[in-house]
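> Please find one structure pasted underneath; my questions will follow.
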């Protein structure tokens, strides 16, 4: 085994990945758990990241003609019940509002009072309540398509939660569209998946596999669920976004009808698509290292931190002035259409200061001591390289090249993640090898320690179920990429025409 | 009475103000009621306005050092109970979650199941849950101040609701800060009220009176509530934002303590401050006329709509091309740091099209017919003037002067609203005149039909209560402006040193 290096995060990824994740979240000061079961508090550094995700993704939505709106938090139980598969899918995880006030209880303290005639469900997703509006808005083919998105909180009561990845309340966006034809709706479903894939790859530097879910993994009530899947550094899959083709299922249950051009009454075709604060967990697990988070520059809350250093009191004023002036100059520089965000950390707490920013994952750090100042330069470090790898850079050069440096970091994160996924993905045609791939636990041989298996599947749910029971491995998606080829099902040996992605998953 | 002019909204403001309001909301397509009691659906035109409000206000917050974060939707009942006045204030309007799943009921259908050990309250405001985080975050005076804001939905179960003005669920921002001293906390309370006042006046073009609430109107649990109050066109007051100095009340109930510079354990001093989607209702009622909404340009979702007009098919192509090119050119123009937002309405539905945009309140409309095109000009109308007041403007002039025209509209809306408030505000020193001012219902004499009364008040809650009972008139605020002066209470005749603002209110 390699000699252990001191790291900022304990345990390391190889020692205990789930624990490493919790410690990274904590050390980066992005979020904390709350006294409310399964709910998180998103702290400023984490929320600023979410704001950047929102801003970038929202602009991508709007470019495709989508408009934002807002629908009620509560869904009457009878609405949820309209679509049978849908309510079945969410019944086990619903927060239910049953009363609308509090009154003094018989034993002191307050108790729920004012029982509602009909229970209200805190939205786990909004197809049924938005469907009700769509039914009112749409009467003619001229009203179509309707292209709506909402940024909102949703609640799915989870028994086992993990910050950002699976929480009872989370923040997300949910898009909902209605169309005159099946073709148009399906093509919108694909279009939004492509938006998600581009966002994941270009902004989060997270390579994803685009594909379709098997029947058992479909969204409750959907005809087809498309998804993007990413590989985390424990080689498990994370579903990072889904786009659902709902056919006419929800249009029928909500009564979304329109008069067609040839004056027939028809049901609309609808879609829905969502991504959530889970993306933040995915970003952490894709790029983070044993020193903490690594933020891709395109969505980092800040791009560079300046760390003024002085030992003698007489140096302080000059170094601070120089640093603040540089911060001002840097914030005039543009990076992908927005101003460079600069942090200046003037705390006098020694080396812990630099490590705080390493753990938070800020892309670039620059120390400025009296000598640097005299040479009109800074001592720069990139977060994607070793914390010890620093170099002197002239001030003018920093101002001129910072955007290019950030782009380089962005690209290197993506390349690293893609290489990691490719190293840990393999076609497997032999059942024994398949089982070994997912059960090997030998830390010295990470290359046989699981990952993504590209294997043939006959399409039978029974085979899927057996593999899930035996190995906790599921079909992450039937990928769009990859030609059809003759093969045999990894489970039952029957003929198959397509490899699918098998993996353990979050 | 003046001859009735045909208006786009029925009834008019003078005929039936509450009904006028509902019709304006509907006609502008900003929102609609939902099947969930008291909850609204905010439609794209209304939500885009909210997004602009958020963007502008958020930037103002951030300039003062505030950072955004996100806290749980649910508050355990025991947390709400920690501050006695606070829970008392909200107990009657709480949505209570009591179960976490649904199961098949004895009579078919689904019923709530999985009873929670402790009921959860859907946040009506977040002092108690945020206080819990503050208690964890703060241990030394070096951690202070903590300056946090969250954009969120909240629920206050209202029996009588009205879109935007009073809804069971609404969107808002709530700021929460903690400080080492009472002085610093109070000065932050004042600072944020000033942010609200500036926002209301500069962006919403809504003049406001800054002041302090009387004891009976204070936020439950606060030491002091500051507020801004605006006059609507029915001469009622609308509270448009509040900023609360919470003293050490919530710090004590949540255990927010810190070690001071001289190493003593002390309770922090906290503040909270909020504004909501209610601002949209206020904007509508401040500026709207009998033809619909009038949007102040600084927060309008779009600034100008281009309406291509053609009668003969051979004109169509040229006019559309000219219009689209102009839209492109206009969107290159900058207005207060953002690009001019242009709508192009190519629907071929005749005159209804222009009226749609009048009802929506877009600041400027420009018609472009073949003749205009040949003269390289447009036929322009301002929403703040009569719908019939249009003038030809050369294309170059429009491009050069549109920002100035928008500023003129913004200013004229503010001036008009301020003049209206001043016309309908008067010092009243005589009890009989005071009662007459608030009871007169003669439509032909609007000058005696109520408004704001600046009258002396002795400070006794009994006088306040009597006036409220007799007239449904409350003390809107004890204004910051206005010198102390000797006077006698409008109710009991005892000595008073200050006039306060009396009005009917939303």
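Just so it is clear, none of the values below were taken in a lab; they were calculated from the coordinates. Note that the structure is predicted; figures quoted are calculated from it, not measured. Cβ coordinates were reconstructed from backbone atoms using ideal geometry, including for glycine residues, and neighbour counts include every protein chain displayed.
> Based on the alpha-carbon gyration tensor of segment B:17-287, what equivalent-ellipsoid semi-axes (square roots of 5 times the eigenvalues) come out, in whole Å, largest first?
31, 27, 15
> Summarise the partner chain shielding of B:114-124 as one whole number: the mean count of Cβ atoms from other chains within 10 Å of each residue's Cβ.
For peptide B:114-124, the averaged partner shielding equals 4.
> For segment B:304-401, taking Cα atoms only, what is the radius of gyration to one decimal and the Dmax to the nearest whole Å?
For segment B:304-401, the Cα-based Rg and Dmax read 12.8, 40 Å.
> Provide, as a two-decimal number, the C-alpha radius of gyration of segment A:393-506 over 2.2 N^0.38 Å, N being how many residues it has.
Here the Cα radius of gyration is 1.47 times the empirical estimate.
> What are the semi-axes of the equivalent ellipsoid of chain A, taken as the square roots of 5 times the eigenvalues of the Cα gyration tensor, listed largest first and rounded to whole Å?
With the √(5λ) rule applied to chain A, the semi-axes are 43, 30, 24 Å.
> Right, next: What are the semi-axes of the equivalent ellipsoid for segment A:112-153, taken as the square roots of 5 times the Cα gyration tensor eigenvalues, largest first, in whole Å?
They are 29, 14, 6 Å, listed largest first.
> If you don't mind, another one. For the pair residue A:59 and residue A:187, how long in nm is the line joining their label points, each one 7 Å along Cα→Cβ?
Label at residue A:59, label at residue A:187, 2.7 nm between them.
> What do you get when you divide the Cα radius of gyration of segment A:363-415 by 2.2 N^0.38 Å, with N the number of residues?
Normalised Cα radius of gyration, segment A:363-415: 1.16.
> How large is the Rg to Rh ratio of segment B:1-130 when both quantities use alpha carbon positions and Rh follows Kirkwood?
Numbers: Rg = 21.8 Å, Rh = 19.5 Å.
Ratio value, two decimals: 1.11.
> A further question on this structure: Sort B:31-39, A:70-78 for me by packing, meaning the mean count of neighbouring Cβ atoms within 10 Å per residue, highest on top.
So the peptides B:31-39, A:70-78, ranked by packing, come out A:70-78, B:31-39.
> If you don't mind, another one. Any idea what Rg and Dmax come out to for segment A:123-180 if you just take the C-alpha atoms, in Å?
Cα only, segment A:123-180: 14.8, 46 Å (Rg, Dmax).
> Going 7 Å from Cα along the Cα-Cβ axis for the label, what nanometre distances separate residue A:316 from the same residue across the other copies?
7.5
> Per DSSP H run of at least 4 residues, take -39500 (n - 2.57); add these up for chain A, divide by its residues and hand me the 222 nm value, nearest 500 deg cm²/dmol.
Working: 14 runs with 172 residues, N = 506.
Calculated from helices alone, the mean residue ellipticity at 222 nm is -10500 deg cm²/dmol.
> Express as a percent, rounded to the nearest 5, the fraction of DSSP beta bridges in segment B:304-401 (both residues included) that run antiparallel.
Of those bridges, close to 60 percent are antiparallel.
> Follow-up. Taking 0.36 nm per intervening residue step and subtracting the Cα-Cα distance, what contour gain separates residue A:433 from residue A:259 on full extension?
Stretched out fully, the residue A:433 to residue A:259 stretch lengthens by 57.0 nm.
> If you wrap a convex hull around the alpha carbons of the protein assembly as shown, what volume per residue comes out, as a whole number of Å³?
Taking the convex hull of the Cα positions in the protein assembly as shown, it is 216 Å³ per residue.
> For residue B:85 and residue B:159 in one chain, what is 0.36 nm times their gap in residues minus the Cα-Cα distance, to one decimal in nm?
24.5 nm
> Per-residue mean of other chain beta-carbon atoms within 10 angstrom of the beta-carbon, peptide A:32-43? Working shown, then result.
On the way: counts 3, 1, 8, 9, 11, 8, 3, 6, 3, 10, 6, 8.
Shielding by partners across A:32-43 averages 6.
> Could you work out the mean count of beta carbons from other protein chains within 10 Å of each residue's beta carbon in B:163-176?
1
> Using alpha carbons only, how many degrees (0 to 90, rounded to 10) separate the axis of helix A:17-28 from the longest principal axis of chain A?
60 degrees
> Can you give me the distance in nm between label points at residue A:7 and residue B:426, each placed 7 Å from the Cα along the Cα-to-Cβ direction?
Between residue A:7 and residue B:426, the simple spin-label model gives 7.8 nm.
> How much FRET efficiency would the formula 1/(1 + (r/R0)^6) give for residue B:107 and residue B:412, where r is the Cβ-Cβ distance and R0 is 56 Å, rounded to 0.05? Walk me through the intermediate numbers first.
Details: r = 62 Å, r/R0 = 1.11.
Given R0 = 56 Å and the Cβ-Cβ separation, E is 0.35.
> Sticking with this one: At residue B:471, label 7 Å along Cα→Cβ: distances to the other copies, nm, ascending?
So the distances to the same position in the other copies read 8.0 nm.
> Sticking with this one: If I fit a long axis through the Cα atoms of helix B:182-202 and take the longest principal axis of the Cα atoms of chain B, what angle between them do I get, 0 to 90°, rounded to 10?
The helix B:182-202 is inclined about 20 degrees to chain B.
> Output the peptides A:329-339, A:295-305, B:352-362 sorted from most to least packed, where packing is the average of other Cβ atoms within 10 Å over each peptide's residues. Mind dumping the intermediate values first?
Values: A:329-339: 13.7, A:295-305: 24.7, B:352-362: 20.1.
The densest-packed peptide leads the list: A:295-305, B:352-362, A:329-339.
> Pairing the Cα long axis of helix A:313-330 with the longest principal axis of chain A, what angle in degrees results, from 0 to 90 and rounded to the nearest 10?
Helix A:313-330 sits roughly 40 degrees off the main axis of chain A.
> Starting with the highest mean, order B:267-280, B:214-227 by the number of other Cβ atoms within 10 Å, averaged over the residues of each peptide.
B:267-280, B:214-227
> Here's a follow-up. Taking each label point as 7 Å beyond Cα in the direction of the beta carbon, state the distances from residue A:182 to the same residue in the other copies, shortest first, in nm.
Shortest to longest, the spacings are 7.3 nm.
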